[in-house]
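Novice: Okay, handing you the structure first.
Just so you know, all these numbers are worked out from the coordinates, no wet-lab data involved. Small disclaimer: the values here were computed from a predicted structure and weren't measured. Neighbour counts run over all protein chains shown; Cβ positions are idealised from the backbone, glycine included.
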Amino acid sequence: MSNKPFNRIVRSWDEFWAEFWRIRLVGGDDAAEFKSEQVVDFCWKVLGIKKNQKVLDIACGAGFQAVLLAERGATVHGVDITPVLIKHAKKLAKQRKVPATFEVQDMRELKVKEQYDHVLVLGMSFGFGTDEENARSIKLMADAVKPGGKLLITGQHPYALANHLGPEWLECDEGILLHRADFDPERCRLGGSWELACPDGTIIMEGENPEQDGIRCYTYPEIKSLLEGSGLVDVQGYGAWYTPPQPLQWFSMEMIVTAYKPKRSV
Ligand SMILES: C[S@@+](CC[C@H](N)C(=O)[O-])C[C@H]1O[C@@H](n2cnc3c(N)ncnc32)[C@H](O)[C@@H]1O
């Protein structure tokens, strides 16, 4: 065996995570596409989304779910902090001939021009900020919901952390993609990093990124209290994207939380 040291290269978040992982690998994966369809089906049925209703997809990533929602007839606007993903989402909407719109936005400073019938945060994307930023985000999200509308957010379920803590790996054309997870119990944050080990001994690592402080793993009562504190009611938790809906359990792989904005403030 050669003793040649590994050649470590840092690639930007846009190039390594967004373009390579999110767009190329996830975008070309049948299982991920099936899951996106399942997620959209759940949102459509459980939230009761109707054709022509306005939907805001926050942290929409490469636009996979937003485009599927638009194909069902919703009027969708997607926002995400990563410009490369927004560019891809726009291209995807054009390819699929749906009028979904997208823009770069940071959910911690969310600004909307109108209110929406449904506001979604999919793909365990709630919790990347500090506790103060996350609480503010929830308030901004709740403000973006029309009275009579609903907010659905997905977070990292703290009781199901064991599912995410082991090292994961995936073989792809370029080499082996490795994921290392790390949990900080004092801050209740799950972090991790991706590396691509190439056959020539090069290790490609991700550079600075908006998720490098990990994700705050809120318990269900914490999220419920943030939602209720923002004027939402009828908070419900679900544990999977299947329909009929599954209750949230300690072992559920997902934590999906919905809340309703009353027509008159409570
Ligand atoms: C796990 S991905 C989920 C993407 C998409 N919702 C899905 O389910 O495929 C998390 C997304 O959150 C975005 N993100 C991270 N921090 C953000 C922030 N402060 N504001 C908006 N988007 C953010 C990332 O760019 C990334 O696209």
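Novice: Taking the number of other C-beta atoms within 10 Å as the exposure measure, put Ile81, Ile153 in order starting with the fewest. Can you show the working numbers first?
Specialist: Working: Ile81 17, Ile153 26.
With the fewest neighbours first, Ile81, Ile153 line up as Ile81, Ile153.
Novice: Separate question: So for the stretch 153-266, averaging the separation of alpha carbon pairs under 8 Å that are six or more residues apart and normalising by length, what relative contact order in percent results?
Specialist: Details: 189 pairs, mean separation 29.4, N = 114.
Relative contact order comes out at 26 percent.
Novice: As an exercise, identify the trypsin sites (Lys or Arg not before Pro) in the stretch 1-66 lying in DSSP coil whose Cβ has no more than 11 other Cβ atoms within 10 Å.
Specialist: In loop regions of the stretch 1-66 (DSSP not H, G, I, E or B), the sparsely surrounded trypsin sites (Lys or Arg not before Pro) are Lys51.
Novice: Quick check on the stretch 222-266: take the gyration tensor over C-alpha atoms, sort the square-rooted eigenvalues as a ≥ b ≥ c, and tell me if it's rounded (a/c under 1.5), prolate or oblate.
Specialist: Because a/c hits 1.5 or more and a/b fails to exceed b/c, the stretch 222-266 counts as oblate.
Novice: Ok, one more. State, as an integer percentage, the relative contact order of the chain based on alpha-carbon contacts under 8 Å between residues 6 or more apart.
Specialist: Averaging sequence separation for qualifying contacts and normalising by length gives 19 percent for the chain.
Novice: Can you figure out the FRET efficiency of Lys50 with Ala240, using R₀ = 22 Å and their beta-carbon distance, to the nearest 0.05?
Specialist: After rounding, the FRET efficiency stands at 0.40.
Novice: Rounded, prolate or oblate: which fits the stretch 92-167 when a ≥ b ≥ c are the square roots of the eigenvalues of the alpha-carbon gyration tensor, with rounded for a/c under 1.5 and prolate only if a/b beats b/c?
Specialist: Verdict is oblate for the stretch 92-167.
Novice: For the stretch 170-266, which trypsin sites (Lys or Arg not before Pro) are both in a DSSP coil and crowded by at most 14 other Cβ atoms within 10 Å?
Specialist: Of the trypsin sites (Lys or Arg not before Pro), the ones in loops of the stretch 170-266 whose Cβ has at most 14 other Cβ atoms within 10 Å are Arg187, Lys263, Arg264.
Novice: Related question: Net charge near Ala93: determine it from the other residues with C-beta under 15 Å of the C-beta of Ala93, scoring Lys and Arg +1 and Asp and Glu -1.
Specialist: Numbers: positive: Arg72, Lys87, Lys90, Lys91, Lys94, Arg96, Lys97; negative: Asp57, Glu71, Asp80, Glu103.
Within the 15 Å Cβ shell, the charges total +3.
Novice: Let me ask you something else. Relative to the compact globular guide of 2.2 N^0.38 Å, what is the alpha carbon radius of gyration of the chain, as a ratio?
Specialist: Cα Rg divided by the expected 2.2 N^0.38 Å: 1.02.
Novice: Please compute the Kirkwood hydrodynamic radius over the stretch 1-79, one decimal place, Å, based on all pairs of different Cα atoms.
Specialist: The Cα-based Kirkwood calculation yields 14.7 Å.
Novice: When Lys and Arg each count +1 and Asp and Glu each count -1, what net charge do the other residues less than 9 Å away from Leu232, Cβ to Cβ, add up to?
Specialist: Net charge around Leu232: 0.
Novice: Grab every C-alpha pair in the stretch 163-266, bin the distances at 10 angstrom width from 0 up to the longest one, and report whole percents.
Specialist: Cα pair-distance distribution for the stretch 163-266, in percent: 12, 29, 29, 19, 8, 2, 0.
Novice: In deg cm²/dmol and to the nearest 500, what is the mean residue ellipticity at 222 nm of the chain if only DSSP H runs of at least 4 residues count, each as -39500 (n - 2.57), divided by the residue total?
Specialist: Roughly -7500 deg cm²/dmol at 222 nm, from the helical runs in the chain.
Novice: Sticking with this one: Which helices, taking whole DSSP H runs in the chain, have alpha carbons extending 20 angstrom or more along the helix axis plus mean Kyte-Doolittle at least 0.0?
Specialist: Long hydrophobic helices here: 30-47.
Novice: Given a cut-off of under 8 Å on Cα pairs at least six residues apart, what relative contact order in percent is computed for the stretch 54-93?
Specialist: Relative contact order, the stretch 54-93: 50 percent.
Novice: Please give me the summed charge of the neighbours of Gly61: other residues whose Cβ is under 14 Å from its Cβ, Lys and Arg +1, Asp and Glu -1.
Specialist: -2
Novice: Indicate the gyration tensor shape class of the stretch 56-191 (rounded, prolate or oblate), computed on the Cα atoms with a ≥ b ≥ c the square roots of the eigenvalues: a/c under 1.5 is rounded; otherwise a/b larger than b/c is prolate and the rest oblate.
Specialist: oblate
Novice: May I ask for the distance between the Cα centers of the stretch 35-84 and the stretch 155-226, given as a whole number of Å?
Specialist: Spelled out, the Cα-based centre of one part sits 24 Å from the other.
Novice: Another question about this same structure. Gaussian network model of the chain, Cα springs within a sub-10 Å range: biggest mean-square fluctuation belongs to which of Leu92, Leu140, Leu170?
Specialist: Leu170
Novice: Counting DSSP beta bridges in the chain, what percent are antiparallel, to the nearest 5?
Specialist: Antiparallel bridges: around 55 percent, rounded to the nearest 5.
Novice: Which residue, Glu114, Glu33, Glu133, has the most motion in a Gaussian network model of the chain that connects Cα atoms within less than 10 Å?
Specialist: Glu114
Novice: Sort Ile138, Ile9 so that the residue with the fewest other Cβ atoms within 10 Å of its own Cβ comes first and the one with the most comes last.
Specialist: Ile9, Ile138
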